[in-house]
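In what follows, a structure is listed as structure tokens, so that the remarks can point back to it.
The values are calculated or read from the model by the stated rules, or taken from the named source; none is laboratory data. Just so we're clear, the structure is a prediction, and the values are computed from it rather than from any experiment. In this analysis, Cβ positions are derived from the backbone assuming ideal geometry, glycine residues included, and neighbour counts consider all displayed protein chains. Surface accessibility is based on the protein's heavy atoms, side chains included, excluding ligands, DNA and RNA. Shrake-Rupley method; radii C 1.70, N 1.55, O 1.52, S 1.80 Å.
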Amino acid sequence: MERTRIIIADDESIVRTDLKEMLTNLGYLVVGEVGDGRSAVNLARELKPDVVIMDIKMPDMDGIEAAKILTEEQIAPVILLTAFGQKELVDRAKEAGVVGYLVKPFREADLSPSIEVALARFNEFETLHKEVDDLQLALETRKLVDRAKGILMDSQRLSEAEAFRKIQKMSMNTRKPMKEVAEAIILAHQAGEE
């Protein structure tokens with residue numbers, strides 16, 4: 001089984017060392033360590049880890065801002081480490097899309113559940129994003145096909161079913177998606193109007 005790859009970001013080297021040791025003991029693979037948020041973002045973009053565990057308070061860019069970028073770019077789930085449990089920080093972390101939050105001092109036994117839940121949530125988010133993208137594409141295709149059907153119905157005096165079958169047949173004959181065929185019909189119609 002492939003080991004979960006993790007990047008650690010904390011400005012305190014002793015915390016990074018302890019965390020790396022705990023994670024290694026638990027069977028995780030630490031693929032990178034950095035001391036600030038900007039470096040965490042850059043390293044995560046480069047290495048595409050499974051999880052990023054980072055401190056909130058770091059120089060250059062704090063962990064919450066870094067987490068927001070990693071979440072928006074769908075690079076990896078982020079678990080924040082902090083010695084602070086203030087509501088304002090927790091609210092910012094939620095808004096940034098953080099999927100885990102560990103308050104220092106934490107124990108080795110706290111890590112695995114946080115990592116596994118973070119991975120599960122991130123996979124759910126990715127599945128939802130894909131479903132939304134697929135639905136948007138289907139809706140866009142449907143709108144274009146409906147518009148192309150209307151053009152064929154008007155210009156060739158076809159019924160709606162005949163216009164649809166014609167688009168479908170052109171799609172199969174040219175081995176192009178119906179969306180592309182519909183776009184071509186619309187473009188040809190627009191060019192004919194000019």
Express the relative contact order of segment 55-194 as a whole percentage, based on alpha carbon pairs under 8 Å and six or more residues apart in sequence. 16 percent
Carbon and sulfur atoms: what percent of the 1.4 Å accessible area of the chain do they account for? 53 percent
Once you have all Cα-Cα distances for segment 101-143, histogram them in 10 Å bins from zero and send the whole-percent values. 24, 29, 20, 15, 10, 2
Rg/Rh ratio calculated on Cα atoms of segment 134-174 (Kirkwood radius): 1.02
Hey, what's the Kirkwood Rh for segment 79-194 if you take every pair of different alpha carbons, in angstrom? 18.5 Å
Space enclosed by the convex hull of the alpha-carbon atoms of segment 1-122, per residue, Å³: 90 Å³
How fast does segment 51-124 diffuse by Stokes-Einstein, in µm²/s, taking the Kirkwood radius from C-alpha pairs at 10 °C and 1.306 mPa s? 130 µm²/s
How much net charge surrounds Leu128 when only other residues with a Cβ under 11 Å from its Cβ are counted (Lys, Arg +1; Asp, Glu -1)? -3
Å² of accessible area per residue within the chain, as computed with a 1.4 Å probe and no ligands counted: 59 Å²
Given the chain, what count of lysine pairs have C-alpha atoms under 19 Å apart, with each pair 8 or more places apart or on different chains? 25
